[in-house]
Amino acid sequence: MTARTYGQFCGLARALEIIGERWSLLVIRDLVLGPKRFDELQQGLPKIPTSILSTRLNELEQHGVIQRRVLSQLDAGVVYELTEYGNDLDQILLQLGLWGARSLTEPAANDLFTLDAAILSLYTTFQPHEAHGVRGAFELHYGDQMIVHAVVEDGAVTAGEGPHPDPDLVIEPRGPLMLKLMNGELDAASSLTCGAVTIKGDAAYLELFTRLFHIPSAPSKAEGLVTH
């Protein structure tokens, strides 16, 4: 394949040459949580053409960001996974995801919210400075099919797929209104009053959740020419 370059001796330019092609970062996003088969990547990125997914995987493998591994199980197959070099991107992806989340508004009718995105949103929005000395288990239900959980323990979080065996709070958001709870447009009490979320458990844990998982506001946009 012909390499496309910016023609600049710069680390940022090189990084963009490796991971800046369309879909590349979303492929990496979906591998941050663990290895996946080709068809599993397609399920998480249903709008990517098969040929483009193959190309991106080949490019990322060529650059040492991902690798292929043959499973040892009876249904042996190939999975794609991040290399040690690729795993160095995890915190960068979370920070970039939080930066982008500050500009999220109402989703378009055909926008997808995938399982991996739901899990990573908990890591992305987690505020460790609010979690010192705190322990809590939260379960979130997005519709009837998607359940994720997060366990916070003394400044750290672990999130994953499925229900938690003993959650302190179960949250069921209505549509996209979870975003307004996490970005502060709705506080915990108001979200319960207006029906943006329903819960099972002590309402005090919902207020705690909004402090532990938060999207800071984006600075207001300047109008016209800025002068000093």
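The values are calculated or read from the model by the stated rules, or taken from the named source; none is laboratory data. Bear in mind that the values here come from a model prediction, so they are computed numbers and not experimental data. All Cβ positions, even for glycine, are placed from backbone atoms using ideal geometry, and neighbour counts span all protein chains on display. The accessibility values were calculated without ligands, DNA or RNA, using every heavy atom of the protein model including side chains. Shrake-Rupley method; radii C 1.70, N 1.55, O 1.52, S 1.80 Å.
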(message) With the cut-off at 1.5 for a/c, could you classify region 1-115 from its C-alpha gyration tensor as rounded, prolate or oblate?
(response) oblate
(request) Please give, to one decimal in nm, the separation of the simple spin-label points placed at residue 21 and residue 88, each 7 Å out from Cα toward the Cβ. (result) 2.1 nm
(request) Using R₀ = 35 Å, calculate the FRET efficiency as 1/(1 + (r/R₀)^6) where r is the Cβ-Cβ separation of residue 220 and residue 130; round to 0.05. (result) 0.90
(message) Helix 115-125 against the longest principal axis of the chain: what's the angle in degrees, Cα atoms only, rounded to the nearest 10?
(response) 70 degrees
(request) Please work out the Cα center distance from region 1-49 to region 98-176, rounded to the nearest Å. (result) 24 Å
(request) Grab the Cα-Cα distance for residue 4 and residue 202, subtract it from 0.36 nm times how many residues apart they are, and report the gain in nm with one decimal. (result) 65.8 nm
(message) Using the crude model of +1 on Lys and Arg Cβ and -1 on Asp and Glu Cβ, and no other charge, please compute the dipole size for region 117-225 relative to its Cα centre, in debye to 20.
(response) 280 debye
(message) Can you compute the FRET efficiency between residue 78 and residue 154 using 1/(1 + (r/R0)^6), with r the Cβ-Cβ distance and R0 = 41 Å? Round to the nearest 0.05.
(response) 0.55
(request) Hey, can you find the accessible area per residue of the chain for me, probe 1.4 Å, expressed in square angstrom? (result) 60 Å²
(request) Excluding residues on the same chain fewer than 8 positions from residue 221, give the lysines whose Cα lies under 19 Å from its Cα. (result) none
(message) I want to verify a result. In a Gaussian network model of the chain, Cα cutoff 10 Å, which of these has the top mean-square fluctuation: 12, 96, 206?
(response) 12
(message) Residues of region 17-35 with backbone nitrogen within less than 17 Å of a virtual label 7 Å along the Cα-to-Cβ line of residue 52, please, listed as ranges.
(response) 19-30
(message) Whole-Hz ³J(HN,Hα) for each residue in region 76-84, computed from phi via Karplus 6.51 cos²θ - 1.76 cosθ + 1.60 with θ = phi - 60°, x for glycine and proline: what do you get?
(response) 3, x, 9, 10, 9, 8, 6, 7, 4
(message) Rounded, prolate or oblate, given the Cα gyration tensor of region 156-228, with a/c below 1.5 counting as rounded?
(response) prolate
(request) With Cα extents along the principal axes in Å in mind, check (1) 48, 43, 31; (2) 65, 57, 38; (3) 60, 43, 36 and report the label derived from this structure. (result) (2)
